[in-house]
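Sharing a structure, written as structure tokens. Questions coming.
The values are calculated or read from the model by the stated rules, or taken from the named source; none is laboratory data. All values reported here derive from a predicted model rather than from experimental measurement. Virtual Cβ from ideal backbone geometry, glycine too; neighbours counted across all protein chains shown. What goes into the accessible areas is simple: the full protein's heavy atoms, side chains included, and nothing from ligands, DNA or RNA. Shrake-Rupley method; radii C 1.70, N 1.55, O 1.52, S 1.80 Å.
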Amino acid sequence: QGAGPSCSAAVGSGMMKDPVAFLRRQQEADDGDGAERWQRMEGFYNKRLWHQLTVELLEFTLIPCFPSGDNLLQLYEHFISDFEHRINPLSLVEIILRVVRQMNDAQMALNLLEKTWEKVKGNDEAMILCRTAIAAIKIKIGDLQETKKIIEEVDEMLQKLPGVTSVHGRFYDTSSSYYQVVGDHAAYYREALRYLGCTELADLSMGSQQQRAFTLGLAALLGEGIYNFGELLMHPILDSLRETENQWLIDTLYAFNSGNVETFYCLKTYWGAQSDLANNEHRLKAKLQLLCLMEMVFTRPANHRQMTFQEISHQAKVSVNEVEMLVMKALSVGLVKGSIDEVDHKVHMTWVQPRVMDLQQVSAMKERLDAWCADVKNISILVEDHAHEVLG
């Protein structure tokens, strides 16, 4: 479907203001398949078939040789700008985004996007996409204060859209980039997972998958208030790190998810070489100990959730004197519910925060459910056997 090699020179040399004359000049200069496209666009333009012309432009602007040089910019200035008010707002923004990529001057790109935003205010998706593109450029030029404002505004608009649209993924990609730049690990983790939820993994290169998996893993470990790793551990993007030099990150995430303090320190050779993790070792240990307590509660039967300080001390690798503070911290952040018996040095738990479970935890849950079903069956048999005595 590509036009001949002449398409680059043809568009670049077009300096006419008349749209039809511009199209005819391109036809004459292009002797490849592109000539037919130019002719079709002229026909659609003359007949005012705006929808057909829009569809043709969306395809045409993706031709491999077109995104080079200033071809798209010339096409916009000499042709599209004449009837852009006739184009579907979302389609117009899609085309403008391709034009913007050819602009080396960030301010020129922002000016064009700002003008386009004013023109598409009647369409929520088009507005969101346009504002998202503006935020992406502002991240690159370091205007983080304005980026924060745009992201917060657009996020509110996005919540009002029904379902998941074509603009959701691109917004979450931009918002996660912003939070990565400002170092907000928890917000980055949230937005990056949302982006993956809107994106086909096959659309990302292996290098991009590995980079996102690595930064997501670090964000999960370092993020304030992130105690649920199941969603990330079950996502196929982590497979991009398996059997690579960063396999240790997957192992570390599983250690946190299961609250395994010993495994975490066995992996210190690896995570200790990662400056962000090494510099936050104390915070990581405190977080892991909370996860360890959660796992202890989760793995116990509902009728046997009383634990001694000594048991918690042994499992979480804290001194007995620090157990009470650990439990109080878990209670205060809503990870567990229960009570502390300071006299007998025991803790009784009644609830643990729900989490997305990995396969090992699902298997453990199945075993407990099987045991519960067996207990119920035994009780029903016992009741049947002694029913005559009760009714007798």
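Tell me, yes or no, whether region 270-279 has at least one residue that is under 23 Å from Arg355 (Cβ atoms) and open to solvent by 20 Å² or more (accessible area, probe 1.4 Å).
No; the residues of region 270-279 include none that is under 23 Å from Arg355 (Cβ atoms) and open to solvent by 20 Å² or more (accessible area, probe 1.4 Å).
Residue under question is Arg242, and the condition is that it be out of contact with any Asp or Glu (no Cβ under 6 Å at 6 or more places or on another chain), open to solvent by 50 Å² or more (accessible area, probe 1.4 Å) and either free of Cβ contacts under 8 Å to residues at least 40 places away in the same chain or basic (Lys, Arg) (or both); does it hold? Before you say what the answer is, go through the steps one by one.
Values: out of contact with any Asp or Glu (no Cβ under 6 Å at 6 or more places or on another chain): yes; open to solvent by 50 Å² or more (accessible area, probe 1.4 Å): yes; either free of Cβ contacts under 8 Å to residues at least 40 places away in the same chain or basic (Lys, Arg) (or both): yes.
Yes; evaluated as a whole, the condition is true for this residue.
Right, here's the next one. With Val362, Val343 as the choices, which residue is among the hydrophobic types (A, V, I, L, M, F, W, C), out of contact with any helix residue (DSSP H, G or I) (no Cβ under 6 Å at 6 or more places or on another chain), without any contact (Cβ under 8 Å) to a residue 12 or more places away in the chain and part of a helix (DSSP H, G or I)?
Matching residue, one of Val362, Val343: Val362.
In region 50-69, is there at least one residue being under 18 Å from Lys115 (Cβ atoms), in contact (Cβ under 8 Å) with a residue 40 or more places away in the chain and among the polar types (S, T, N, Q)?
No - not one qualifying residue is present in region 50-69.
Next question, about the same structure. Determine whether Glu231 is more than 16 Å from Ala219 (Cα to Cα), assigned to a helix (DSSP H, G or I) and at pLDDT below 95. Steps first, please.
Working: more than 16 Å from Ala219 (Cα to Cα): no; assigned to a helix (DSSP H, G or I): yes; at pLDDT below 95: yes.
Taking the combined requirement at face value, the residue does not satisfy it.
Only one of (1) within 25 Å of Leu233 (Cα to Cα); (2) out of contact with any Phe, Trp or Tyr (no Cβ under 7 Å at 6 or more places or on another chain); (3) at pLDDT 95 or above is not met by Ser258, so which one is it?
(3)
Can you name the number of the only condition in (1) under 29 Å from the mean Cα position of the chain (by Cα); (2) over 30 Å from Asp370 (Cβ atoms) that Asn257 fails?
(2)
On to the next question. Do we have Gly217 as farther than 22 Å from Asp184 by Cα and crowded, with 20+ Cβ neighbours inside 10 Å here?
So Gly217 does not fit the description; no.
Could I ask something else about it? When the residues of region 245-292 are filtered to those that are part of a loop (DSSP other than H, G, I, E, B) and without any contact (Cβ under 8 Å) to a residue 12 or more places away in the chain, which remaining residue is farthest from Leu331 (Cα to Cα)? I'd like the intermediate steps shown before the answer.
Taking region 245-292 first, the residues part of a loop (DSSP other than H, G, I, E, B) are 245-246, 258-260, 267, 272-274, 279-280.
The next check asks that each one be without any contact (Cβ under 8 Å) to a residue 12 or more places away in the chain; those that pass are 245, 272-273, 279.
Details: Glu245: 38, Gly272: 30, Ala273: 33, Asn279: 27 Å.
By that ranking, first place goes to Glu245.
Out of all the residues in region 294-310, which are assigned to a helix (DSSP H, G or I) and within 23 Å of Trp372 (Cα to Cα)?
Passing the criteria: Met294, Glu295, Met296, Val297, Phe298, Thr299.
Still on this model: For Asp358, only one of the following conditions fails: (1) open to solvent by 60 Å² or more (accessible area, probe 1.4 Å); (2) acidic (Asp, Glu); (3) under 29 Å from the mean Cα position of the chain (by Cα). What is its number?
(1)
Would you mention how many residues in region 293-308 are open to solvent by 10 Å² or more (accessible area, probe 1.4 Å), more than 22 Å from Tyr265 (Cα to Cα) and free of Cβ contacts under 8 Å to residues at least 60 places away in the same chain?
Total meeting the criteria: 7.
Looking only at region 195-213, which residues are among the hydroxyl-bearing types (Ser, Thr, Tyr) and surrounded by fewer than 13 Cβ atoms within 10 Å (Cβ to Cβ)?
Listed by number, the list holds a single entry, Ser205.
Let me ask something additional. When the residues of region 85-99 are filtered to those that are open to solvent by 30 Å² or more (accessible area, probe 1.4 Å) and in a helix (DSSP H, G or I), which remaining residue is nearest to Ile139 (Cα to Cα)?
Arg98
If you check Ala192 against the conditions, is it of a type outside the set (D, E, K, R), in contact with a His (Cβ under 6 Å, 6 or more places away or on another chain), in a helix (DSSP H, G or I) and surrounded by 21 or more Cβ atoms within 10 Å (Cβ to Cβ)?
So Ala192 does not fit the description; no.
Still on this structure: Being under 16 Å from Ala219 (Cα atoms) and open to solvent by less than 10 Å² (accessible area, probe 1.4 Å) is the filter here, so list the residues in region 248-269 that pass it.
The answer is Leu249, Ile250, Thr252, Leu253, Ala255, Phe256, Asn257.
Go over the candidates Leu326, Leu331 one by one and state the one that is touching a strand residue (DSSP E or B) at 6+ places or on another chain (Cβ under 9 Å), aliphatic (A, V, I, L, M) and open to solvent by less than 60 Å² (accessible area, probe 1.4 Å).
Leu331
Could you please give the count of residues in region 23-77 that are in a helix (DSSP H, G or I), among the hydrophobic types (A, V, I, L, M, F, W, C) and open to solvent by 50 Å² or more (accessible area, probe 1.4 Å)? So that I can check it myself, show each step before the final result.
Here is the first cut: in region 23-77, the residues in a helix (DSSP H, G or I) are 23-29, 34-46, 50-60, 71-77.
Narrowing the set further to residues that are among the hydrophobic types (A, V, I, L, M, F, W, C) leaves 23, 29, 35, 38, 41, 44, 50, 53, 55, 57-58, 60, 72-73, 75.
Subset that is open to solvent by 50 Å² or more (accessible area, probe 1.4 Å): 55.
Number of matching residues: 1.
Among the residues of region 148-180, write down those that are open to solvent by 60 Å² or more (accessible area, probe 1.4 Å), closer than 21 Å to Pro89 by Cβ and over 15 Å from the mean Cα position of the chain (by Cα). Spell out how you get there, then give the answer.
Residues of region 148-180 that are open to solvent by 60 Å² or more (accessible area, probe 1.4 Å), as a first pass: 148-149, 152-153, 156, 159-160, 162, 164, 166, 170, 180.
If we keep only those that are closer than 21 Å to Pro89 by Cβ as well, we get 153, 156, 159-160, 162, 164, 166, 170.
Once the filter is applied, which keeps residues that are open to solvent by 60 Å² or more (accessible area, probe 1.4 Å), closer than 21 Å to Pro89 by Cβ and over 15 Å from the mean Cα position of the chain (by Cα), region 148-180 yields Glu153, Glu156, Gln159, Lys160, Pro162.
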